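Shown next, in structure tokens, is the structure this report addresses.
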Amino acid sequence: MLKIWSMKKNEDAMAKKKPKTSAAQIRVQKDLTELDLPETMRTEFPDPNDILNFTLIITPDEGMYKSGAFQFSFNINTNYPHEPPKVKCTQKIYHPNVDLEGNVCLNILREDWKPVLNLNSVMVGLQYLFLEPNADDPLNKEAAEELKKNREQFMYNVKASMKGGNVKGVQYAKVIVQ
Amino acid sequence: MSLSAAQPNGTSPSDWQDRYWHVDQVLEKPGPRTDPSFLAGREVQEFLRDKCKILVIGAGGLGCEILANLALTGFKDIHVIDMDTIDVSNLNRQFLFRPADVGKPKAIVAAEFIMNRVPGVIVTPYYGKIQDKDHEYYMQFNLVICGLDSVEARRWINATLVSMVDSDNPESLKPLIDGGTEGFKGQARVILPTITSCYECSLDMLNKPTTFPICTIANTPRLPEHCIEWASVLEWPKVHGDQKLDTDDPEHISWLYGVAFKRAKEFNIEGVTWSLTQGVVKNVIPAIASTNAVIAAACCNEAFKIATSSAAYLNNYFMLIGTDGVYSYTFEHEKREHCPVCGGEALEISINHDWTVEQLMEMLTEKQDIQIKKPSLSTPLKPIYFQQPPQLEKNTRPNLEKKVSDLVAAGGEVTVTSTTLPFSLSLIINYT
């Protein structure tokens, strides 16, 4: 192997003419055009010429968040895919892994992000939070406590919050669709 | 003799006597053809047997041969990836598999077989796609050796290995040895990413898949293949509407066979059979065990020479044509100047001023040295046409009929991506 390792790189290849389109832009183009989303998820682009900022709408068809429509904003910066996309829930929802400011606790959006992951993996991960809310990793501590202690009550709270109701003094957004 | 103690020369307690006698003839002293950097003796033996980690992609016809060859020449840390399961039709040539293994993953069965048969070799299988793995995974290997049957997978691994080369880290250069067979023909090549011609550089050497003119199929069939194409391309959609033809479904094949047979009779054409029907619609070329053996041997020979520097390695393309006698030819395939994978720069193309986006996309799909299926296009400012997601597709669809020159200034840049490729292509567009 030593022979190979001591080889000089092709000079021309080293002096690459970099294209003007940013690497992030190219990667997002790749990710978006390869999305393979189930019917429970769709994307909306407020400005179709800006592919770095868009909304994802999740409408779970099972689980306790069924018949809600949950919106997330995606903001992707020029460091993508070395940095994960910035994802926020744009509604106030009652969920152990989403706080009242819309921050989302999903491992692949922070500590477990890797450039090999893509927008599809993030979207699938978000949808999973609605099928299996995770009480061990809470952002909304009260909701997480409730889920741990009393699942029935938690489910009742979810239903109430989704109708735009008040749970423990907090007014939630109406997300029910029919 | 203590069983646990490390042995000299990279041998281990599980090795039988004189296991490496033949191989050591080559490794223990330099010969007239050895490279000046070759250091005969213990160090190279230890590298091969204790340190070298090799990845085999594909555990099919070529893969079985490759795994056996590597294990017997003394590679001891072998990884293998394959996404397929064993089919009964594999058993005639994929000799690591037995009838009881039908339905099981090829990578896992092959790994177990080799480990049982050749003591001391560790084969680590992965049952899945090469695309599941990231740079970190591929970085752990010294060499990659491929026995694949798909152009797409080759383009993917080639582009991945090229993009991993880091000029500050010599070990990031992973030689890729690619074998391929088609009936009695075969090829073996050595690719040193960024240094020698890569797989993408030679894309224009591939034959176009045989397609017959639609008018011949519809009006003047002469061959049994024409009748089968007529059944699958024209009659199937007419009769079955939106239902997609599943070439793995025997009922679908039988239907095509029936229709093609009738048509053949009408035109007095002989030779439409069930297996020809399946062969035509699935684009099957029969696999020949002996071709696989020759090509796998050539590939493993290169792996051994590169890993040990014990002899000059292939520069860089070997082809075997066994259809009429036995003919082989070795040549240096040159780097393509504007290779989208290893050339690094934008590809300049000149198109007619009146061309529409749709015409440009057609050209990208058809052109021998590009061949991009279902491309998505953008300028640095905005999408031109995106295949997905639905909203952007709908939004950009009107652009298909627009002139490229209305969207992109002369000398402007267009980025092309496609699901099948791990890289993107940048085009500089000029008009005639």
Exercise for the section: Could you tell me which numbered condition residue B:268 fails, if it satisfies all but one of (1) buried (at least 21 other Cβ atoms within 10 Å of the Cβ); (2) assigned to a loop (DSSP other than H, G, I, E, B)? Expected result: (1)
Practice task
With the checklist (1) without any contact (Cβ under 8 Å) to a residue 40 or more places away in the chain; (2) over 28 Å from residue A:57 (Cα atoms); (3) in a strand (DSSP E or B) in hand, flag the one item residue B:429 doesn't pass.
Solution key: (1)
Fill in the blank from the handout: Of B:151, B:102, the only residue that is at pLDDT below 95, farther than 26 Å from residue B:51 by Cα and of a type in the set (A, V, I, L, M) is B:151
Exercise for the section: For the stretch B:55-64, indicate whether the set of residues that are open to solvent by 20 Å² or more (accessible area, probe 1.4 Å) and in the same structural domain as residue B:182 (by TED's automatic domain parsing) is non-empty. Expected result: no
Problem - In the stretch A:34-51, the residues that are away from chain B (no Cβ under 11 Å) and surrounded by 14 or more Cβ atoms within 10 Å (Cβ to Cβ) - result: A:40
Exercise for the section: Look at the stretch A:77-121 and say how many of its residues are among the charged types (D, E, K, R) and either more than 26 Å from residue A:29 (Cα to Cα) or at pLDDT 90 or above (or both). Expected result: 5
Handout entry: Meets criteria (within 14 Å of chain A (Cβ to nearest Cβ) and within 25 Å of the chain's Cα centre (by Cα)) for residue B:374
Key = yes
Practice task
Look through the stretch A:78-87, keep the residues that are touching a residue at least 24 places away in the same chain (Cβ under 8 Å) and surrounded by 13 or more Cβ atoms within 10 Å (Cβ to Cβ), and return whichever of them is farthest from the chain's Cα centre (by Cα).
Solution key: A:82
Handout entry: Residues satisfying the stated conditions in the stretch B:404-425, i.e. over 16 Å from residue B:373 (Cβ atoms), in contact with a helix residue (DSSP H, G or I) (Cβ under 8 Å, 6 or more places away or on another chain) and not β-branched (Val, Ile, Thr)
Key = B:407
Handout entry: Test for residue A:115: is it in contact with a Pro (Cβ under 8 Å, 6 or more places away or on another chain) and more than 24 Å from residue A:34 (Cα to Cα)
Key = no
Exercise for the section: Tell me, please, whether a residue that is surrounded by fewer than 14 Cβ atoms within 10 Å (Cβ to Cβ), touching a residue at least 40 places away in the same chain (Cβ under 8 Å) and within 22 Å of residue A:62 (Cβ to Cβ) can be found in the stretch A:143-151. Expected result: no
Practice task
Test residue B:292 against the stated conditions and say whether it is under 24 Å from the mean Cα position of the chain (by Cα) and in a helix (DSSP H, G or I).
Solution key: yes
Exercise for the section: Tell me which residues, restricted to the stretch B:329-350, are open to solvent by 30 Å² or more (accessible area, probe 1.4 Å) and not in a loop (DSSP other than H, G, I, E, B). Expected result: B:329, B:330, B:331, B:348, B:350
Exercise for the section: Please state which one of B:62, B:91, B:27, B:70 is more than 17 Å from residue B:301 (Cα to Cα) and either away from every other protein chain (no Cβ under 14 Å) or out of contact with any Phe, Trp or Tyr (no Cβ under 7 Å at 6 or more places or on another chain) (or both). Expected result: B:91
Fill in the blank from the handout: residue B:373 meets each of (1) open to solvent by 50 Å² or more (accessible area, probe 1.4 Å); (2) over 25 Å from residue A:43 (Cα atoms) with one exception, condition (2)
Exercise for the section: Kindly list, by first and then second residue, each pair from a residue in the stretch B:357-374 that is in the same structural domain as residue B:385 (by TED's automatic domain parsing) and over 18 Å from residue B:202 (Cα atoms) to a residue that is of a type outside the set (Asp, Glu) and in a loop (DSSP other than H, G, I, E, B), limited to pairs with Cβ atoms under 7 Å and residues at least 6 apart or on different chains. Expected result: B:357/B:402; B:361/B:375; B:374/B:387; B:374/B:418; B:374/B:419
Handout entry: Within the stretch B:89-140, tally of residues that are free of Cβ contacts under 8 Å to residues at least 12 places away in the same chain and in contact with a Leu (Cβ under 7 Å, 6 or more places away or on another chain)
Key = 1
Problem - the stretch B:296-314 - residue that is part of a loop (DSSP other than H, G, I, E, B) and modelled with pLDDT under 95 and, of those, surrounded by the most Cβ atoms within 10 Å (Cβ to Cβ) - result: B:310
Problem - Residue in the stretch B:315-328 that is farthest from the other protein chains (Cβ to nearest Cβ), counting only those that are within 22 Å of residue B:94 (Cα to Cα) and part of a loop (DSSP other than H, G, I, E, B) - result: B:323
Handout entry: Top-ranked residue of the stretch B:220-265 - restricted to ones that are in a loop (DSSP other than H, G, I, E, B) and charged (D, E, K, R), ranked as surrounded by the fewest Cβ atoms within 10 Å (Cβ to Cβ)
Key = B:242
Fill in the blank from the handout: Across (1) open to solvent by 60 Å² or more (accessible area, probe 1.4 Å); (2) under 21 Å from residue B:67 (Cα atoms), residue B:215 clears everything bar (2)
Practice task
Answer yes or no: is there a residue in the stretch B:384-394 that is in contact (Cβ under 8 Å) with a residue 12 or more places away in the chain and part of a loop (DSSP other than H, G, I, E, B).
Solution key: yes
Exercise for the section: Of the conditions (1) at pLDDT below 90; (2) farther than 30 Å from residue B:301 by Cβ, residue B:167 clears all except one; give me its number. Expected result: (2)
Fill in the blank from the handout: Within the stretch B:394-413, the residues that are open to solvent by less than 70 Å² (accessible area, probe 1.4 Å) and within 9 Å of chain A (Cβ to nearest Cβ) are B:396, B:413
Exercise for the section: Could you figure out which of (1) under 21 Å from the mean Cα position of the chain (by Cα); (2) acidic (Asp, Glu); (3) over 24 Å from residue B:304 (Cα atoms) isn't true of residue B:82? Expected result: (3)
Fill in the blank from the handout: Within the stretch B:274-308, the residues that are within 27 Å of residue B:229 (Cβ to Cβ) and free of Cβ contacts under 8 Å to residues at least 40 places away in the same chain are B:274, B:275, B:278, B:279, B:282, B:284
Fill in the blank from the handout: Within the stretch A:45-75, the residues that are outside any loop (DSSP other than H, G, I, E, B) and more than 14 Å from the chain's Cα centre (by Cα) are A:68
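The values are calculated or read from the model by the stated rules, or taken from the named source; none is laboratory data. Since we're looking at a predicted model, the values are computed, not measured. No Cβ is skipped: glycine too gets one built from the backbone with ideal geometry, and neighbour counts run over all protein chains shown. Just so you know, the surface numbers come from the protein's heavy atoms only, side chains and all, with ligands and any DNA or RNA stripped out. Shrake-Rupley method; radii C 1.70, N 1.55, O 1.52, S 1.80 Å.
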